[in-house]
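Please read the structure below before turning to the comments.
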Amino acid sequence: MKKLNNIFFSMVTSVILLVIFGASIGYATFAENSSGTEYAKSIVYNAKWFEILLFLLVINLLGSVVRYKIVNKRKFSVLLFHMAFICILIGAAVTRFFGYEGVMHIRQGETSNEITSDKPSVAITAEYKGEKAEKTTHTSFTENGSENYAENLQIADKTIKVEKDLFIPNSVETIVSDEQGEAGISLFVMDQNNQGTDFILLNGETNNLGDISFSLNDSTRKAQVAFSVVDNQLYFKSTLPMAKMGMMEKEEAMIMPGQLNPAEQKTIYKTGSLIFVLKTYLPKAKKSLTQMTPDMNKSGVIRQGKNAIIFRVSDGNTTKTVNVLSSENQSSQLASCMLNGVKVTVDYGMLKRKLPFSITLREFQLDRYPGSNSPSSYASEITVTDKEMKTVQPFRIFMNNILNYRGYRFFQSSYDSDEKGTILSVNHDYWGTLITYAGYLFMLIGMVLTLFNKNSRFRYILRLSNELQKKRKAAKTAALVAILILSGSMSAFAGETSKKTHIDALNSLLIQDEVQGRIEPISTYASDLVRKVTKKTTFNGQSALEVLLRMCTDPSHWVNEPIIKVAHEGLAKELGAINDYITFNQLFDSENNGQYKLADKVEAAYQKDPSARNQYEKELINMDERVNICNRIFSGEILTIFPVQGHESNKWIAVSGLEPTATAADSKMSGMSGMPAGVCPVSGKSGKTSMPATMPENGTKNSSDSTSASKCPMAGMTGTTGTSMADMAMTSTENESGTPAKLLSAYFSAVLSAEKSGDWTEANSALLNLKNYQLLNGGAQLPAKEKVQFEVLYNKLSIFLSLAILYGLLGIILISLHVINILKYNPKVDKYLDKSIYVFAIMFVFYTAGLIMRWYISGHAPWSNGYESMIFVGWAASLSGLVFANRSPITLAITSLLSAIALSVAGMSWMNPEITNLVPVLKSYWLVIHVAVITSSYGFFAMSALLGVFNLGLMIARTNKNRIRLNESIQEFSYIIELSLIVGLFMLTVGTFLGGVWANESWGRYWGWDSKETWALVSILLYSSVIHLRNIPKANNVLVLNTLSVISFGSIVMTFFGVNYYLSGMHSYGQGTPPPIPVGIYIAMVLLIALIGGAYYSEKKGSIKLIR
């Protein structure tokens, strides 16, 4: 028994359980991504074996507390930390077994006291001679991993047994003739969203579709549409007003409520929001299942296939089968049968639950960002009516502002597409949440005490590190950072040309982003556009704004400029790209009436499921977007620089948007895929004329063609036949003075003249007129002048791009100096290394200033998307370097490289640096706290990983001559690694649990196995295992610590990149196609394996033990 206790409560068992825990939930995220949420729940999250695993983990932790004698004053912080983890698991168990969640859907002006459960269940109801018995069991059925199900239900002296027989996905139910069957009807029902459902009723059945119930010869229930058979003829009676119309007729006939009517085939019946047609009536029938095929939807009416679960129902003497149809997140079409006088009804899905009070939606309110369809906030004005408590309470529910009433918490989740209804998440889990929150609090206190308790492992490692530091010179104090002020860094530009001065003034012209609705300097907008088209920040030495200006004013030149990036080798060769770039005109066939060359291929690519597209097809779609951007620039639609006074949504427009004539802008294409083959993307015309889509390089055009309204306008035109943006500048009339068209025409004319003469005076005056127009008509929506100037400066400085280069250079230099100094000590090198903290600190100040600038410009914390998070990871890495700089100067070298890598990755073409508005859920102080803490932990883990790589290299580099010195360095760096891992683990744990609190406030649950939170937990479990390995004698050495510090960082990479770009979930920042995994990653993995192998071989000669 003692031996078993020693095995089960050993540190080895603890680590094994933690690793199994982490591996299983990590696997579940991939299973969810490929096979759906219900499958992941069935095989892992809700599986019995998973519950047993967590129970064993709790028992193991309790036993370890006793075995390792943690219950004492000296180890109180460690005890509190471990008991907090047990408390959290207990809270999770209470939530799992006693709490429940659901969704309440209410239309404006309506009242509800029901929620739809979030857990799929089977409900059995038996009715016999006035008696009624019910039983509900939580279970889940999926195509890949259905649970076995068998339940008994007792009624009178009868035992009804219900078993699951088969699961058939994507099915449609039909009826077929059967001499042994009973009366049956088949209805086709279509809702207001044009979604069709085949609806089957057999004799004695009642079923609901939406809010309307249908029955066939069921006298026990009062259905709203009741069918009955009289003298072998089918009739129906409705309690609702109804209209009918024959399929060959044009006029409707009214049917009064309560009137018995013959049920006619080939007749359309309409009641409320539903339309139904009687397809079939059979006097003797049975139900049959058919799997959906693509041909079933060719009529244009969309049938939704549902999952069919076939149940066997038996009373011991007779056995029947019933088919229950269910779709994910919806209630099922329940099924009934008669067994020797007992009516048995089986239901499956997200079942309804009654509340002890009701909620009325008085009004749903939705606010959008100015000039866009992006929601800024949405709220539900509700009234709680509780007859039992005699309470009537008005309340406003909005994102991050919940209603808490009688243990039920209501959260604003979503809303109906017509903005007349709300969807509220509902949570009932008082005790589970309370116990879990208590665990969070205990863990936080335990972490803080661990950092300051002189008997903790963290403080012990600090003392060991200090002993090694006595051999070095004292590090410079952090107070020196205060001298690093930004004065003089923003000195004025000298020697500017007249054109340069004009471009500088143009930078601050405002424009509205059509998608986000954000009003921003045109320099910001130009940077986004040019980066999307060229995948560069500049083009041929010209700034993004200069490129945009010239494309607008001189399209005849730019349609022949190779500016469009082609990122696929095969497509580039096919289009005749030079150095992976093509011109706008190369995409149109001048010999075939100007047809768009990619039209058919793009259309085919869009019709494919995104997961089935190959790299060629993905690049086709990306190319289509770039062509569309160029088209909108040439047409002038892109320049939404004119505010409209009194516009209800504060929308800004472009000049082309004012023209009554159809233009290229009118198509508002999200991609060329919306165009039929052969359509000119500039005008939307068919292109079946003699007019090519190209323009002679000298910019001239045939006069005989320019007057033909039926011909395809040439690239560079506005879309009104024969009128380019440049021509428009020459044809404005005097009575248009002061209008947007006149102002823009005058400006373009002045720019064209200035390009030829070199005198930009008139262009400056025209630009001033545009700005004055914005001031007069923009109103309160205009951003402050100081903020605009700040954003222009931010764009000019390109702080993060410059810092990527500087950090990279500093990191390479410092690493080189450290290697030289380690191999052969040199006091002069030591001096340079000591002084490097000043350079590093200056760069850190600039880094911080860049983040502050972005925060001020955007109006929110700069870590709300993938680009900003990557930037912040680099900043956190720099911070970790400063934190440990006085322990070992090597941390500055390592974190310089880390910051350079983070900034370089952020600058890659697939990262989007665009400043965007926040979605409603992110408008919370939790964005600042949760994301900052959890992302900062990545910096400490990254430093540990890179130090681990460096240490493994030092192990290989040891010789008999330098072994003692290198061993000291390896030991020193290993202390830094362990300290950094502890700090990173604490920050990651606190950040994850703070995220749980935020999720509880926003979505109604503190944990939902979302991919992001799951992989954060995987990282916590993995790093916890690494830190505890020192208690296992065979793993207590620097080789294991350094190797695992590198390998474990893979979980952080997965948490950040993998989840954001490759898995589905609420934290996915990636938009569009995920970036391909670089070949360099695989090369790095091979090199890492070789490095670990070499270090292992070296360590066999004499390993360095960690002090326990």
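The values are calculated or read from the model by the stated rules, or taken from the named source; none is laboratory data. Bear in mind that the values here come from a model prediction, so they are computed numbers and not experimental data. Counting neighbours? That spans all protein chains shown, and the Cβs are built from the backbone with ideal geometry, glycine included.
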- request: Select, from N821, N886, the only residue that is assigned to a loop (DSSP other than H, G, I, E, B) and more than 16 Å from S937 (Cβ to Cβ).
  value: N886
message: Condition (residue is of a type outside the set (D, E), closer than 30 Å to Q365 by Cα and not in a helix (DSSP H, G or I)) applied to region 46-61: is it met by at least one residue?
response: no
- request: Given the conditions (1) surrounded by 16 or more Cβ atoms within 10 Å (Cβ to Cβ); (2) modelled with pLDDT of 90 or more; (3) under 38 Å from the mean Cα position of the chain (by Cα), report the number of the one that M447 does not fulfil.
  value: (2)
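So is K222 within 21 Å of F188 (Cβ to Cβ), in the same structural domain as I175 (by TED's automatic domain parsing) and basic (K, R) or not? Outline the logic, then answer.
Working: within 21 Å of F188 (Cβ to Cβ): no; in the same structural domain as I175 (by TED's automatic domain parsing): yes; basic (K, R): yes.
No, not satisfied.
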field: Looking only at region 19-43, and only at residues there that are more than 20 Å from the chain's Cα centre (by Cα) and crowded, with 19+ Cβ neighbours inside 10 Å, the one that is farthest from F55 (Cα to Cα)
entry: Y39
query: With respect to the numbered conditions (1) in a strand (DSSP E or B); (2) without any contact (Cβ under 8 Å) to a residue 40 or more places away in the chain, which one is the sole condition not fulfilled by T136?
result: (2)
query: So how many residues does region 6-17 have that are in a helix (DSSP H, G or I) and either crowded, with 19+ Cβ neighbours inside 10 Å or small (G, A, S) (or both)?
result: 4
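Among M870, M843, which is modelled with pLDDT under 90 and not basic (K, R)? Give the derivation first.
Values: M843 fails: modelled with pLDDT under 90.
Matching residue, one of M870, M843: M870.
Every residue in region 495-538 that is acidic (D, E) and assigned to a helix (DSSP H, G or I), please.
Going residue by residue through region 495-538, those that are acidic (D, E) are 496, 504, 513-514, 520, 528.
Result: D504, D528.
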message: Looking at Y832, Y794, Y838, can you tell me which residue is within 28 Å of H930 (Cβ to Cβ) and assigned to a helix (DSSP H, G or I)?
response: Y794
- line: Output for Cβ contacts, cut-off 9 Å, separation at least six or different chains, first residue at negative phi and hydrophobic (A, V, I, L, M, F, W, C) in region 585-610, second exposed (fewer than 13 other Cβ atoms within 10 Å of the Cβ) and outside any helix (DSSP H, G or I), reads A599/P676
message: Considering only residues that are among the polar types (S, T, N, Q) and either touching a Cys at 6+ places or on another chain (Cβ under 7 Å) or at pLDDT below 90 (or both), which ones fall in region 1-28?
response: N5, N6, S10
message: Being among the aromatic types (F, W, Y) and assigned to a loop (DSSP other than H, G, I, E, B) is the filter here; which residues of region 581-620 pass it?
response: F584
message: Name the single residue that is modelled with the highest pLDDT among those in region 238-286 being among the basic types (K, R) and more than 19 Å from A223 (Cβ to Cβ).
response: K284
- request: Out of G808, G779, report the one residue that is in a helix (DSSP H, G or I) and not assigned by TED's automatic domain parsing to the domain that holds F840.
  value: G779
- line: Taking region 149-173 and keeping only residues that are of a type in the set (S, T, N, Q) and either surrounded by 17 or more Cβ atoms within 10 Å (Cβ to Cβ) or closer than 14 Å to Y348 by Cα (or both), one is left with S171
field: In region 1013-1055, residue surrounded by the most Cβ atoms within 10 Å (Cβ to Cβ) [restricted to those that are among the aromatic types (F, W, Y) and closer than 17 Å to V990 by Cα]
entry: Y1023
message: Quick check on region 68-76. Is at least one of its residues basic (K, R), modelled with pLDDT of 85 or more and assigned to a helix (DSSP H, G or I)?
response: no
- prompt: When you scan region 1000-1095 for helices (runs of 4 or more DSSP H) that lie fully inside it, which ones turn up with 1 or more residues that are more than 15 Å from the chain's Cα centre (by Cα) and modelled with pLDDT of 80 or more?
  reply: 1011-1028, 1038-1047, 1049-1053
message: Tell me yes or no: at least one residue of region 227-240 is in a strand (DSSP E or B), under 48 Å from the mean Cα position of the chain (by Cα) and in the same structural domain as V172 (by TED's automatic domain parsing).
response: yes
- prompt: What about N152, is it modelled with pLDDT under 85 and either within 36 Å of the chain's Cα centre (by Cα) or of a type outside the set (F, W, Y) (or both)?
  reply: no
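Check region 920-927 and report whether any residue there is in contact with a helix residue (DSSP H, G or I) (Cβ under 7 Å, 6 or more places away or on another chain), at pLDDT 85 or above and not in a helix (DSSP H, G or I). Full working, then the answer.
As a first pass, look at region 920-927 and keep what is in contact with a helix residue (DSSP H, G or I) (Cβ under 7 Å, 6 or more places away or on another chain): 921, 924, 926.
When the remaining residues are screened for being at pLDDT 85 or above, the result is none.
Checking region 920-927: not a single residue is in contact with a helix residue (DSSP H, G or I) (Cβ under 7 Å, 6 or more places away or on another chain), at pLDDT 85 or above and not in a helix (DSSP H, G or I).
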- prompt: D218 versus (1) surrounded by fewer than 19 Cβ atoms within 10 Å (Cβ to Cβ); (2) outside any strand (DSSP E or B): which is the lone unmet condition?
  reply: (1)
message: Condition first: buried (at least 18 other Cβ atoms within 10 Å of the Cβ) and among the small types (G, A, S). Now tell me which residues in region 755-794 satisfy that.
response: A763, A766, G778
message: Could you check region 247-261 and list, in sequence order, the residues that are surrounded by 11 or more Cβ atoms within 10 Å (Cβ to Cβ) and assigned to a strand (DSSP E or B)?
response: A253, I255, L260, N261
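Okay, residues lined up against (1) over 20 Å from D624 (Cα atoms); (2) in contact with a Leu (Cβ under 7 Å, 6 or more places away or on another chain); (3) not assigned by TED's automatic domain parsing to the domain that holds L767:
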| position | (1), (2), (3) |
| --- | --- |
| L545 | yes, yes, no |
| N560 | no, no, no |
| V566 | no, yes, no |
| T583 | no, no, no |
